[in-house]
Amino acid sequence: MKALQLAEPHRLELIDLPEPGPPGPGEVLAGIRSVGICGTDISGYLGRMPFIECPRILGHELGVEVLATGEGVRNVRAGDRCSVEPYLSCGECHACRQGRTNCCESLQVLGVHCDGAMRERMILPAARLHPGNGLGFDQLALVETLAIGCHAVDRAVLQAGEDVLIIGAGPIGLTVLEFARLHPCAITVLELNEARREFVSRHHPGVRVVESLPDEPAAQVVFDATGHPASMARSLRLACFTGRIVYVGITKEPVLLDDPLFHRRELTLLASRNAVSADFPRIIRLINDGMADTRPWVTHRCGLDELPQLMADLVLPGSGVVKAVASL
């Protein structure tokens, strides 16, 4: 069975894996049909993702087909098309007991802490599969992407009439935008890249899109989706007095916090990590109802064999990528 492994930063190589055995109790054998390439994968490829150690099989944004089910599986059956919740939690730690499995103290994320889905078939826990038989595999693969923005917006608890600023219009910023726009708020997107600004303006004509902002309060709620430490530090200066800042992107570097400003404005700083199980069926319903549509996002496609070259191209300036998807 073919798989693609990140052997070391900047080097993806095709390897052979043994076929998975039959699924055990509570498990399914899944055929991997689509894998979304996200910022985490690209950061891992560049050697900048703190949680990825090489060698690692990447891939956590998945559209799969159920090939076989193990004993006791009731939520899916053979032939089902599913999105996969790639967060493997223990169910017993403090966070899990609160229902916040996205912050499990021993969390294993497919393709990050453990080997993921850039392979033809794999065994998965049935409880982590969410059926979406009316959707295409690419749409199902991008449900997890949308879940990141869904959880981040839930963390902010947006109120009607609030001004919202989203910094960064890459895939994660776009997911935040998808869920922020479901609230009656005025939204501004700050993005340096001209092509990304044009993309947002074309698909979200009611959203204000800007290349720059002065260092002064701009919004009650600020989402930083850049993963850039300087931008994350600056986001505090863009938040209004009593405002809220949500860090959606992640960086390996320390982020400088201007404490006098932080205290003077009595800001609230929030982190947003992954998503929770309930987000996945909600998002599948939103896609089915036409309230969310990721199809325009997919600008690059390839097969598993072509992904090493595509990944090398994606990290180059001017690649024009919004979202890439590998089909197996």
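The values are calculated or read from the model by the stated rules, or taken from the named source; none is laboratory data. This structure is a prediction, so every number in the text was calculated from the model and none was measured. We place every Cβ from the backbone using ideal geometry, glycine too, and count neighbours over all the protein chains shown.
Listing for the model above:
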| quantity | calculated |
| --- | --- |
| Residue ranges of strands (runs of 3 or more DSSP E) in the range 1-58 with at least 2 members among the small types (Gly, Ala, Ser) and touching a Gly at 6+ places or on another chain (Cβ under 9 Å) | 27-37 |
| In the range 284-299, residue modelled with the highest pLDDT [restricted to those that are in contact with an Asp or Glu (Cβ under 8 Å, 6 or more places away or on another chain) and either among the charged types (D, E, K, R) or closer than 30 Å to ASP16 by Cα (or both)] | VAL298 |
| In the range 41-73, the residues that are without any contact (Cβ under 8 Å) to a residue 40 or more places away in the chain and either surrounded by 19 or more Cβ atoms within 10 Å (Cβ to Cβ) or at negative phi (or both) | GLU53 |
| Qualifying residue in the range 177-189 (condition: part of a helix (DSSP H, G or I) and out of contact with any strand residue (DSSP E or B) (no Cβ under 7 Å at 6 or more places or on another chain)) | yes |
| Any hit, the range 304-315, residues being in the same structural domain as GLU85 (by TED's automatic domain parsing) and within 20 Å of HIS151 (Cα to Cα) | no |
| Test: ILE123 is aliphatic (A, V, I, L, M), over 19 Å from the mean Cα position of the chain (by Cα) and either under 23 Å from ARG77 (Cβ atoms) or assigned by TED's automatic domain parsing to the domain that holds GLY31 (or both) | yes |
| Test for VAL66: is it over 25 Å from PRO317 (Cβ atoms), at pLDDT 95 or above, among the β-branched types (Val, Ile, Thr) and in the same structural domain as PRO86 (by TED's automatic domain parsing) | yes |
| Single condition VAL246 does not satisfy, out of (1) surrounded by 18 or more Cβ atoms within 10 Å (Cβ to Cβ); (2) over 17 Å from the mean Cα position of the chain (by Cα); (3) among the aliphatic types (A, V, I, L, M) | (2) |
| First in the range 281-292 and surrounded by 13 or more Cβ atoms within 10 Å (Cβ to Cβ), second anywhere and of a type in the set (Val, Ile, Thr), Cβ under 9 Å, 6 or more apart | ILE283/VAL143; ILE284/VAL143; ILE287/VAL143; ILE287/THR294; ALA292/ILE283 |
| Identity of the residue in the range 88-114, surrounded by 20 or more Cβ atoms within 10 Å (Cβ to Cβ) and touching a helix residue (DSSP H, G or I) at 6+ places or on another chain (Cβ under 6 Å), that ends up farthest from LEU140 (Cα to Cα) | CYS104 |
| Any hit, the range 113-130, residues being in a loop (DSSP other than H, G, I, E, B) and among the charged types (D, E, K, R) | yes |
| Matching option when the condition is assigned to a strand (DSSP E or B), within 17 Å of the chain's Cα centre (by Cα) and modelled with pLDDT of 95 or more, among PHE280, PHE223 | PHE223 |
| One residue from ARG128, ARG97, ARG119 being in contact with an Asp or Glu (Cβ under 9 Å, 6 or more places away or on another chain) and basic (Lys, Arg) | ARG128 |
| Where a residue in the range 1-24 is free of Cβ contacts under 8 Å to residues at least 24 places away in the same chain and its partner, wherever it lies, is in a loop (DSSP other than H, G, I, E, B) and surrounded by 15 or more Cβ atoms within 10 Å (Cβ to Cβ), with Cβ under 9 Å and at least six apart | ILE15/ILE57 |
| Residues located in the range 240-262, provided they are on the phi > 0 side of the Ramachandran plot and among the aliphatic types (A, V, I, L, M) | none |
